[in-house]
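Nothing in this text is a laboratory measurement; each read-out follows from the coordinates by a stated rule. Computed from a prediction, not measured in an experiment: that's the story for all the values here. Every residue, glycine among them, receives a Cβ derived from its backbone with ideal geometry; neighbour counts consider all protein chains shown.
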Amino acid sequence: MKKILIADDEHKIIMTLEYAFKKAGYEVFIARDGSEVLELLKTEVPDVILLDIMMPNIDGYTTLTEIKKNKNLAKTKVIFLSAKTGEADIKKGLDLGADDYITKPYSIKKLTERVEELLNDK
Amino acid sequence: MNNPYVYALSLAVYCSAWTYYGSIGVAANQGLEYMAIYIGPIIIIPAWIYINTKIIRISRVNKISSIADFISLRYGNSRSLSALIALVCMFAIIPYIGLQIKAISETFHLVTETGQSDNIFFDSATYVVLIIALFSSYYGTKYVDASEKRLGIISAVAVESFLKLIFFVILGIFVVYGVFNGFEDIYTQASKLPDFAAKNSFNGLEGSFNWFLMSMLSMSAIFLLPRQFHTAIIENRKEKHIKTAIWLFPLYLLIFNFFVFPIAWGGKILFFGQDVNPELYSILIPQKFGNIFISTLVFFGGLSACISMIIISSISLSIMLSNNIIIPYGWLDEFKSKTETDNTKSIVNIRKVSIFLLIISGFIFYKYLILGKSLYSIGLVSFVLIAQLGPSFFGAIFWRRGTYAGSVTGIIVGVLICFFGLIFPSFSESFLQSSLYQNEFFNFFKIPYLSPIAQIFFWSMFANSALFTIISANTVSNYRERNYAELYVDIDDYIQNHENAYIWKGTANISDIQKILVQFLGVKKTEQALKIFNLKYKITNDSDTADSRFIKFSENLLSGRIGTASAKILIEGVTKEDKISLPEVLKILEESKENISLNKQLSEQSHQLIKLSNELQNVNENLLEKDQQKDEFLDSVAHELRTPITAIRATSEILLDDEDMPPELKKDFLENIISESDRLSEIINDILYLDKLETGTISLNIKENNIIQTFRKALKPLLHLFDQRHLHHSEVHLLENDIFEYDEPRMIQVFQNILGNALKFTNDQGMIQTKFQEKDDQLKISIFNTGKTIPEEDLEFIFDKFYQSKNQNLRKPVGSGLGLAICKKIMVAQKGDIEVKNKEIGVTFEIFLPITNNESVQNADDQNIKEI
């Protein structure tokens, strides 16, 4: 079973993603901000992380930087999901080593397809 | 010693023996008429601030050293006009000097109780005069440049002016309180005298005309008397000294005049029925009471008045005699062949001899012509003669059209009228009886109610002014007259570079002019002067061609030594001048004026441009900043909108695709869609609302409300949320009065926002406390909640729009992110404020409102009334 970590501070967004990926057969982990993500990653190695950028305490960019330092997570795919749509924001995200950057609002269908694709790439 | 008081006191050289003795005589014989001579100056002196400033500037830039130079330069720098003016001054002033000598001599004999001798060589007064003449000619010619300031002499005159006033006041106090028992005593005793009533009035309308004319006469004298022109204009060191003079000098005259009338009446009482010259009351009264101390003081006071007058008058006359008559009409050729040392010596000697001769002529005049005349009548004749310079003088500074022909004709005719009307009749009884004077033509002009002097003053001035105006208007001035007319009338425009305003065209060599300068200034001073000239006009080349500026500059260098007219003649001798047409003069002047004002305008404009460009840069920076802020705002708005849309879109997509969703979950999802839609419209509403608050399109409805009730209205809908989370809310009231002025719906909005915020951040079972109090004349409402504090670095940004979305360290509250920004805007719009502070165990929002209750409005009104 593939593991997916969903990090967002918007409860209603989490609800949809949780529902969709559970249905698609993933084991879903939830985090409400960057620090919860890093806490979870101490014990879990998800296959993919959906990371919001604008989160309390530790933002998405910083979280990714931390993730990249963790050798255990070398194979974990990270996708930014953000309402920040500026070119500079996207570039920054990809430069930090994200596998994709998807702007909000997105299609759930396309998002799941993109996750599948990434996981099959390896 | 270079101070305004010396300047103001030196002007009191106006008060000569005439004031000291003559006024008392007039007051005794004619009554109030004596005052006219002082009222005139007192009335016109305030105008000095304008008129004398102008004259001083003109004189300074043209190196003018006498009134003859001043008038003649304006009418084309005419040698003949300057000589005519010098002559008029001499005719007017020599008898006046004689009058001073008469006063010295008479009082000298009176105080020493000696008799006058008919043989002048046995008369001790003769030797007193000789000493004064020698002293004056020695000290009065210290500088060869007559436009130089004579600080020593002027300071001495100032000291003398001070002493003569003090001595006169001592005499006044002695007469009023020593001889009599105060002013009342003099009044009571004098009122019994037969002519008391007549001499204490203006004698009706006829007398008033006399009085008016006498005031006009003295008004012109204060400008035109050579000694006044000398002290007020030539010896002025700073223009601002005039400011002191215009109050100090009139005050001086008033103090002097205060005791004249009591002394005159005191004398009349004491010497009633005796044949005593009232002009000598001031010495006779103390003598009668054996007070030799006071009679001697008075003698010395009078003596200093006389000496000051003699010295200053003879210096100013000698400058005119040498610079306007002797040098231009006889000595110029002599100078050309001599060296500087010889020439300087000759000039100084001419002046020395002039001063000596002038004083001696005054003495002779006194001895042989005016022995029996009163001081007053001679003084007035002098005034009338000097007044003939008035039309040309005032025309020079105020009227561009005045011409040489008008000026000369006016002065000559005016002086002739004085001679035939005043001077001949007073010396020759037979002249009065002659058929010429008695015929009907003259009878036509007689004005029976005017005194002879007032009549002649009137007619001479009438003829003089009329001829000056009419002839000037009908003659064309030459270019030089027109040049100076512009320079005089508009001196303020040319003061900075007056040499540029001098118009001259022709061929001239600097070396030729330099030779002449060397003959008067010497090699060293000439070189110095040329260096200054080159520096001033930034001339670097060695061209030998002299331009108009150099011609004027050289004329100025010579003017002080030999007079303006002679300077012109000398320079003309070595240059070849082309005639310039009048229109050309005006064109050049206009250009030079335009250049000056253009320069001024340009520098002003460039200043303004710099200022403007700075302002533009600021505005631009502001705009850029605003633009960036707007971009950021739009970004934030987009971000804030995308978040609920993302939720709505994802939820709808799931609902659409997944038909077997459990009903419970389906319901949750649908509710999410509704609440996120509400959130969207809330954001949009808040953005629009904030925009309205910012642009001021929302009008506040500020009126009296009860703040506690308003707060409760805001609190009520939130109470169930408090209960749900087991939060404790309390209120603390410290107000005496609950009524304040504000917009109630907006305040409810603010309260709900802050309370809502508090609700979100208060830990469960925490507490919220609201405190109402008055502090520093403001209503202060503090809303405190326990819970997490706000990071210090975030405190100042918390009221910014979408603050929460910019700073990820703050947990997002549910809402648009605009709530606190809206609160801030609302409070500021009501002239209040809102602040946030961290406390040990939580956060406090402090809301401020100004107190504008009726009581304070009332107080403000009271204060206004008091101020009114």
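Listing for the model above:
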read-out	value
Under-5 Å amide H pairs with residue A:29, H placed in peptide plane, nonlocal only	A:4, A:5, A:6
Positive-end residue of A:80, A:64, A:101, charge dipole of the stretch A:64-122 with Cβ unit charges	A:64
Per residue convex hull volume, Cα atoms of the stretch B:1-128, in Å³	191 Å³
Aspartates and glutamates whose Cα lies under 16 Å from that of residue B:579, excluding same-chain neighbours fewer than 8 positions away	B:481, B:547
Residues with amide H under 5 Å from that of residue A:78, placed H, sequence gap 5 or more	A:49, A:99, A:100
Cross-link pairs beyond the 26 Å C-alpha cut-off, checked among B:692/B:801; A:3/A:42; B:505/B:536; A:22/B:760; A:2/A:42	A:22/B:760
For chain B, with +1 on Lys and Arg beta carbons and -1 on Asp and Glu, the positive-most of B:209, B:752, B:108 along the dipole	B:108
Pair residue A:23, residue B:691: separation of 7 Å Cα→Cβ label points (nm)	3.7 nm
Net charge over other residues, Cβ less than 13 angstrom from the Cβ of residue B:352 (K, R count +1; D, E count -1)	+3
Cα-based reach from residue B:775 at 23 Å (exclusive), listing lysines while leaving out same-chain residues under 8 positions away	B:703, B:824, B:825, B:831, B:837, B:839
Check: the stretch B:529-687 dipole with +1 on Lys, Arg Cβ and -1 on Asp, Glu Cβ, in debye	2700 debye
Lys, Arg +1 and Asp, Glu -1 on Cβ, resulting dipole of the stretch B:87-182 about Cα centre, debye, nearest 20	320 debye
Other-chain or far-sequence residues with amide H under 5 Å of residue B:506's (modelled H)	B:578
Directionally averaged projected area (convex hull, Cα atoms, the stretch B:278-407), nm²	12.6 nm²
Highest-first arrangement of B:703-712, B:660-669, where packing means the average Cβ count within 10 Å	B:703-712, B:660-669
Reachable lysines from residue B:531, criterion Cα separation under 20 angstrom, eight or more residues apart if same chain	B:63, B:515, B:552
Estimated FRET transfer efficiency when R0 is 22 angstrom, pair residue B:584-residue B:496 (beta carbons, to 0.05)	0.45
Residue B:275 versus residue B:196: modelled label distance in nm, points set 7 Å from Cα along the beta carbon direction	2.7 nm
Extreme residue, positive dipole direction of chain B, given options B:637, B:311, B:832 (C-beta unit charges)	B:311
Difference of contour (0.36 nm per residue) and Cα-Cα distance, residue B:608 to residue B:334	92.8 nm
Dipole moment magnitude, nearest 20 debye, the protein assembly as shown about Cα centre, only Lys, Arg, Asp, Glu C-beta charged	4780 debye
